[in-house]
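The structure follows.
The values are calculated or read from the model by the stated rules, or taken from the named source; none is laboratory data. The structure presented is a predicted model; accordingly, all values stated were derived computationally and were not measured. Cβ atoms come from the backbone with ideal geometry, glycine included; neighbour counts cover every protein chain shown.
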Amino acid sequence: MSPEPEYIRKIIHIDMDAFYASVEQRDNPELRGKPVAVGGSRERGVVAAASYEARKFGIHSAMASSLAFRRCPEIIFVKPNFAKYKAVSRQIRAIFFEYTDLVEPLSLDEAYLDVTENKKGLLTATKIAKEIRQRIWEETELRASAGISINKFLAKVASDINKPNGQKTILPEEAIPFLEELPIGKFYGIGKKTAERMKFLGIHRGKDLKTWTKELLHQEFGKSGEHFYEIVRARQKSKVTPSRARKSLGAETTYSKDIVGEEHLKKALSEIFTIWHKRLELANQAGKTITLKFKDNQFRTYSRSISLEKKSLDREILWQNALHLLLKEEITEPIRLLGLSLSNFNEDKEIKYQQLTLNF
């Protein structure tokens, strides 16, 4: 059984393999074959990316670097070079645009491509993905994995199946049987806590999820429940959007020594505010919602937000509201990270799509 034709497109999800760490290993032969963590140090900080050699020890992004060191004392910490990663990312995206204009970047190291119609006239999305991965290797000496299917959700799930340096195609007629047998923890967008809740309710695989009505799923999981109802039936209305509007723009700092006390926090806020506002000015980006983020020395993350009556880029308005968020309630714990972001910008524009072809 295949999904309804209106939900069938040719979507590729390209995901670079351990991108930041792989770039560092490419540029420094002494790092090749060794456990590498980009970001942090033995004492402090957070891992931004881990090489596959490091992942064997259970090290992953967003992990405290001190814990990474305990798990693997031989790990090599490398300072991130985001200017270099962005340059490589632009090089990779240039390859994507040779095949389609419908490219939706998710981050520096992954993107969706709608190749229902492609510029090179290649017959199958599977062949396009293979060719793109080969081009990336030839031009950057970096490996990529790919998932190919009828919608973004399935393509994203598929790209993890044969990682690293592999690809997986889920054909239209395979989509529903694949989803029925997929463990609920493998569903992209279903987090650990939701998966645990589902298992408690007897939902272990897609076929269990399909027995629930949309009404019951909404009752149990809110609006997300309606999304779960659709994706398990291989239906997803979300399209590849080439010109995604920026959702937020921020700046944050992780400190080598914890910050304690109101005056020290105000000084730190002033410093991060200067960096943040400069970024907003360079982007000429006004917004309505200001968010203060901070993390204490126990790695607990908190956020406080305030919404303005209208969008603003005014330095004084943003500063007074950021300061208000900081002083709104006393922060008694030592702080290791502080950040500010602005959001609630313009809405995305709808993208028009061309006619469907079904040859994968």
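Could you check region 15-107 for strands (runs of 3 or more DSSP E) lying wholly inside it with 1 or more residues that are exposed (fewer than 14 other Cβ atoms within 10 Å of the Cβ)?
Output list reads 103-107.
Quick grid of which residues meet (1) under 20 Å from Ser145 (Cβ atoms); (2) touching a Pro at 6+ places or on another chain (Cβ under 7 Å); (3) touching a residue at least 40 places away in the same chain (Cβ under 8 Å):
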position	(1), (2), (3)
Pro35	no, no, yes
Ser51	yes, yes, no
Ala87	no, no, no
Leu122	yes, no, no
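Which helices (runs of 4 or more DSSP H) does region 188-283 wholly contain that include 1 or more residues that are assigned by TED's automatic domain parsing to the domain that holds Leu323, on the phi < 0 side of the Ramachandran plot and more than 25 Å from the chain's Cα centre (by Cα)? I'd like the intermediate steps shown before the answer.
On the way: elements: 192-200, 206-209, 214-221, 223-231, 262-283.
Here the list reads 262-283.
Could you please find all residues in region 11-52 being charged (D, E, K, R) and under 22 Å from Ser107 (Cβ atoms)?
Of everything in region 11-52, those that are charged (D, E, K, R) and under 22 Å from Ser107 (Cβ atoms) turn out to be Asp15, Asp17, Glu24, Arg26, Asp27.
In the list Pro73, Pro80, Pro29, which residue meets the criterion of being of a type outside the set (Val, Ile, Thr), in contact (Cβ under 8 Å) with a residue 60 or more places away in the chain and out of contact with any Ser or Thr (no Cβ under 9 Å at 6 or more places or on another chain)?
Numbers: Pro73 fails: in contact (Cβ under 8 Å) with a residue 60 or more places away in the chain; Pro29 fails: in contact (Cβ under 8 Å) with a residue 60 or more places away in the chain.
One residue alone meets the criteria, Pro80.
If we keep just the residues of region 166-211 that are aliphatic (A, V, I, L, M) and more than 22 Å from Tyr7 (Cα to Cα), which is surrounded by the fewest Cβ atoms within 10 Å (Cβ to Cβ)?
Out of the qualifying residues, it is Leu201.
Hey, can you tell me all the residues within region 212-234 that are in contact with a Gly (Cβ under 9 Å, 6 or more places away or on another chain), closer than 24 Å to Ala155 by Cα and exposed (fewer than 14 other Cβ atoms within 10 Å of the Cβ)?
Lys214, the sole residue that qualifies.
Please find, among Ala234, Ala251, Ala268, the residue that is of a type in the set (A, V, I, L, M, F, W, C), in contact (Cβ under 8 Å) with a residue 12 or more places away in the chain and out of contact with any helix residue (DSSP H, G or I) (no Cβ under 8 Å at 6 or more places or on another chain).
Ala268
Yes or no: Ala129 more than 18 Å from Lys239 (Cβ to Cβ) and part of a helix (DSSP H, G or I)? So that I can check it myself, show each step before the final result.
Details: more than 18 Å from Lys239 (Cβ to Cβ): yes; part of a helix (DSSP H, G or I): yes.
Against the criterion (more than 18 Å from Lys239 (Cβ to Cβ) and part of a helix (DSSP H, G or I)), Ala129 qualifies.
Sticking with this one: Run Ile76 past the list (1) under 28 Å from Val157 (Cβ atoms); (2) in contact with a Lys or Arg (Cβ under 7 Å, 6 or more places away or on another chain); (3) among the β-branched types (Val, Ile, Thr) and report the number of the one that doesn't hold.
If we test Ile76 against (1) under 28 Å from Val157 (Cβ atoms); (2) in contact with a Lys or Arg (Cβ under 7 Å, 6 or more places away or on another chain); (3) among the β-branched types (Val, Ile, Thr), just (1) comes out false.
Shifting gears a bit: Select from region 291-332 the residues that are touching a residue at least 60 places away in the same chain (Cβ under 8 Å), not β-branched (Val, Ile, Thr) and not in a helix (DSSP H, G or I) and write down the one among them that is surrounded by the fewest Cβ atoms within 10 Å (Cβ to Cβ).
Selected residue: Glu330.
Identify the single condition in (1) under 22 Å from Glu24 (Cα atoms); (2) more than 20 Å from the chain's Cα centre (by Cα); (3) not aromatic (Phe, Trp, Tyr) that Lys130 does not satisfy, given that it satisfies every other one.
Evaluating Lys130 over (1) under 22 Å from Glu24 (Cα atoms); (2) more than 20 Å from the chain's Cα centre (by Cα); (3) not aromatic (Phe, Trp, Tyr) leaves (1) as the failure.
List pairs: first residue in region 165-184 and at positive phi, second residue surrounded by fewer than 17 Cβ atoms within 10 Å (Cβ to Cβ) and part of a strand (DSSP E or B) anywhere in the structure, Cβ distance under 6 angstrom, at least six positions apart or on different chains.
Close Cβ pairs (under 6 Å, with a partner that is surrounded by fewer than 17 Cβ atoms within 10 Å (Cβ to Cβ) and part of a strand (DSSP E or B)) do not exist here.
Let me ask another. What pairs come out if I take residues in region 142-157 that are within 10 Å of Met16 (Cβ to Cβ) and pair them with residues that are assigned to a helix (DSSP H, G or I) and among the polar types (S, T, N, Q) whose C-beta lies under 6 Å away, six or more apart or interchain?
Sorted first by the residue in region 142-157, then by its partner, the pairs are Leu142/Ser22; Ser145/Ser159.
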